[in-house]
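Only one structure is covered here, and it is reproduced in the block below.
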Amino acid sequence: MDELKELVHTAKALYRTGLVRGTSGNVSLRDPESPDRMWITPSAIPYDAITTEDLVQVDLNSGLPVSGRRKPSSETPMHSAIYRLRSDVQAVVHTHSTYATMFACAGEEIPTVHYLIAEIGDRVPVADYAVYGSEELARNAVEALQSAGSNGALLKNHGVITVGDSLASAYARAEIIETVAQLAFGAKLIGRCQMLSPEQLEETRKKFVSYFAASKG
């Protein structure tokens, strides 16, 4: 299945670009043939060693593995909960990228200092802390995404979660959050964050529509 090759490719790209380190973070894809199931990266396997044979298929309702020889990621509950409650989501990316996670550790939203954040929403919310891999963390992440109408969120004292209608969009949003976190961190060091308003971000989103439509032409 080509989608599984793309999933492995995305996981390796996260590692190669430094959005994850070691075996932290995880990636999943809603099964295109069975929408009530997902494919997710395995637990505790180095990214550079992952192959399609290591991916695990999981039932979204029970959270139990359906196929695969590995143990699924510890964040399987969080991914499953997002798919159950967001029918528009086809892929989920979870990272511990450095600058965004610094904001998460501070319990502080990333300031809207750059127009790229419009791809995420009007803001990047912070989900309440809960121990990793728990159902509580899954609920907190989903609540943060829903309350802000956002495509990404920070997990307090933990990391980042992004969603998309494809692996490419979920991955791109993880990159955007980290990029804007770096810019916001630098602006804070300079001493001033010039924030964009919701109206300015909406204007950007409208331009994004025509921009990406033209790129497909």
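The values are calculated or read from the model by the stated rules, or taken from the named source; none is laboratory data. Just so it is clear, the model here is predicted, and its values are computed rather than measured. Positions of Cβ are generated from backbone atoms using ideal geometry, with glycine treated the same way; all protein chains shown enter the neighbour counts.
Scan Tyr99, Tyr129 and give me the residue that is touching a Lys or Arg at 6+ places or on another chain (Cβ under 9 Å), hydroxyl-bearing (Ser, Thr, Tyr) and either under 19 Å from Gly186 (Cβ atoms) or at pLDDT 95 or above (or both).
After applying the criteria, what remains is Tyr129.
Could you please find all residues in segment 55-79 being polar (S, T, N, Q) and more than 17 Å from the chain's Cα centre (by Cα)?
Gln57, Asn61, Ser62, Ser67
Hey, among Ala148, Ala168, Ala181, which residue is small (Gly, Ala, Ser) and touching a Pro at 6+ places or on another chain (Cβ under 7 Å)?
Ala148
Of the numbered conditions (1) at pLDDT 95 or above; (2) surrounded by 15 or more Cβ atoms within 10 Å (Cβ to Cβ), Ser24 satisfies every one except a single condition; which is it?
If we test Ser24 against (1) at pLDDT 95 or above; (2) surrounded by 15 or more Cβ atoms within 10 Å (Cβ to Cβ), just (1) comes out false.
Where residues in segment 5-19 are in contact with a strand residue (DSSP E or B) (Cβ under 7 Å, 6 or more places away or on another chain) and assigned to a helix (DSSP H, G or I), which of them is farthest from Pro32 (Cα to Cα)?
In this case the residue turns out to be Leu14.
With respect to Glu199, determine if the residue is closer than 18 Å to Val92 by Cα and either in contact with a Leu (Cβ under 7 Å, 6 or more places away or on another chain) or modelled with pLDDT of 95 or more (or both).
no
Output the residues belonging to segment 171-196 that are among the charged types (D, E, K, R) and either modelled with pLDDT of 95 or more or surrounded by 12 or more Cβ atoms within 10 Å (Cβ to Cβ) (or both).
Hits for segment 171-196 are Arg173, Glu175, Glu178, Lys188.
Of the residues that make up segment 173-188, is at least one assigned to a loop (DSSP other than H, G, I, E, B) and either under 17 Å from Gly121 (Cβ atoms) or over 21 Å from the mean Cα position of the chain (by Cα) (or both)?
No, there is no match, as no residue in segment 173-188 is assigned to a loop (DSSP other than H, G, I, E, B) and either under 17 Å from Gly121 (Cβ atoms) or over 21 Å from the mean Cα position of the chain (by Cα) (or both).
Could you tell me whether Thr23 is assigned to a loop (DSSP other than H, G, I, E, B) and polar (S, T, N, Q)?
Yes, satisfied.
Every residue, every condition in (1) without any contact (Cβ under 8 Å) to a residue 40 or more places away in the chain; (2) touching a Gly at 6+ places or on another chain (Cβ under 6 Å); (3) among the small types (Gly, Ala, Ser), yes or no:
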site: Thr41; (1), (2), (3): yes, no, no
site: Met78; (1), (2), (3): no, no, no
site: Ala91; (1), (2), (3): no, yes, yes
site: His94; (1), (2), (3): no, yes, no
site: Thr101; (1), (2), (3): no, yes, no
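Output the residue which, of all residues in segment 59-76 that are among the hydrophobic types (A, V, I, L, M, F, W, C) and in contact (Cβ under 8 Å) with a residue 24 or more places away in the chain, is surrounded by the most Cβ atoms within 10 Å (Cβ to Cβ).
Leu60
When only residues in segment 83-104 that are of a type in the set (A, V, I, L, M, F, W, C) and crowded, with 24+ Cβ neighbours inside 10 Å count, which is farthest from the chain's Cα centre (by Cα)?
So, considering only residues that are of a type in the set (A, V, I, L, M, F, W, C) and crowded, with 24+ Cβ neighbours inside 10 Å, the one farthest from the chain's Cα centre (by Cα) is Ala104.
In segment 50-66, how many residues are hydroxyl-bearing (Ser, Thr, Tyr) and touching a Leu at 6+ places or on another chain (Cβ under 9 Å)?
Number of matching residues: 1.
All but one of (1) touching a His at 6+ places or on another chain (Cβ under 7 Å); (2) without any contact (Cβ under 8 Å) to a residue 40 or more places away in the chain hold for Pro46, so report the exception by its number.
Condition (1) is where Pro46 drops out.
Here is a yes/no grid of residues against (1) polar (S, T, N, Q); (2) at pLDDT 95 or above; (3) under 15 Å from the mean Cα position of the chain (by Cα):
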position	(1), (2), (3)
Leu7	no, yes, yes
Leu19	no, yes, yes
Ser28	yes, yes, yes
Pro32	no, no, no
Arg37	no, yes, no
Ile40	no, yes, yes
Pro46	no, no, no
Ala49	no, no, no
Glu53	no, yes, no
